[in-house]
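Reviewing the structure listed below.
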Amino acid sequence: SEQAVNIGDTDMRPVLTTVASAAPEAIYYPIFIAEGGFITAQAKEVPGMENVILIGADGLYSPDFLNAAGDAAKGMYLSSPDFGAFGDAYQTFLAKHQELYGEPPLSIYHAHAYDAATIIANAVKQVAIQDGDTLYIPRQALRDAIAATKDFQGLTGNLTCDANGDCADPRIAVYQITDPADWNPGVTSPIKVYPQ
């Protein structure tokens, strides 16, 4: 079954009832926090959904989702970047972030954003033209410098931009929420279940 909900929907029981009629073993909902919280919290209330495995995507990988879903999130699975695949520089980054802001990064794509910003900054340094008090950054030169990125040692891995402009080294993992009240990714909850 493939179903849809609208942004702002709060009563997910009708769509969950439709899904339950197909007797699913699992449901996967790549959705964002608000609607995902309602789906998760209401799923076990719908006859036929009591034992269905719930699987969400990276849009739900957040303590805000756990606050919205409550205890209903216990045992569900979420996909997200594989933080364990990042190198030693990532741990240094986390420590510096904690020291500077007093909390861990909020977005799950914080390391990817850091790498992207660093690639852009490096390209700007390569192509910027100083003319008196004005700094010019030629668009095509900037684009070409970014596209020429090769073997950049980022937090997320060794990055080389391809012909389509994709510079990522994506590694995705699957995590299981074991205790919704204890959000400490990779340490307590959620726990990485794939890859091992």
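The values are calculated or read from the model by the stated rules, or taken from the named source; none is laboratory data. Since the model is a prediction, treat every value here as computed from it, not as a measurement. Quick reminder, even Gly has a Cβ in these numbers, built from the backbone with ideal geometry, and neighbours come from all protein chains shown. Quick note on the areas: whole protein, heavy atoms, side chains included, nothing else; ligands and nucleic acids left out. Shrake-Rupley method; radii C 1.70, N 1.55, O 1.52, S 1.80 Å.
Taking amide hydrogens as placed 1.01 Å from N in the peptide plane, the amide H of residue 157 sits under 5 Å from those of 87, each at least 5 positions away in sequence or on another chain. Packing, as the average of other Cβ atoms within 10 Å across residues, places the peptides 26-37, 11-22 in the order 26-37, 11-22, highest first.
Pairs with C-alpha atoms separated by more than 21 Å, drawn from the list 44/192; 74/192; 150/192, are 44/192; 150/192. Peptides 127-135, 64-72, ordered by how many other C-beta atoms sit within 10 Å of their residues on average, highest first, read 64-72, 127-135.
Model label sites at residue 97 and residue 168, defined 7 Å from Cα along the beta-carbon direction, differ in position by 1.6 nm. Note on residue 53 and residue 34: their simple-model spin labels are 3.1 nm apart, each label 7 Å out from Cα toward Cβ. Per residue, the chain exposes 59 Å² of solvent-accessible protein surface, assessed with a 1.4 angstrom probe and all protein chains in place.
Surface composition of the chain: carbon plus sulfur atoms hold 54% of the accessible area, using a 1.4 angstrom probe and ignoring ligands, DNA and RNA. Working from label points 7 Å from Cα in the Cα-to-Cβ sense, the residue 143 to residue 178 distance is 4.9 nm. Listed by chain and number, the aspartates and glutamates whose C-alpha is less than 20 Å from the C-alpha of residue 125, apart from same-chain residues fewer than 8 away, are 115, 133, 144, 151. When Cα extents along the principal axes in Å is calculated for this entry, the matching label among [x] 58, 39, 27; [y] 70, 32, 31; [z] 49, 41, 29 is [y].
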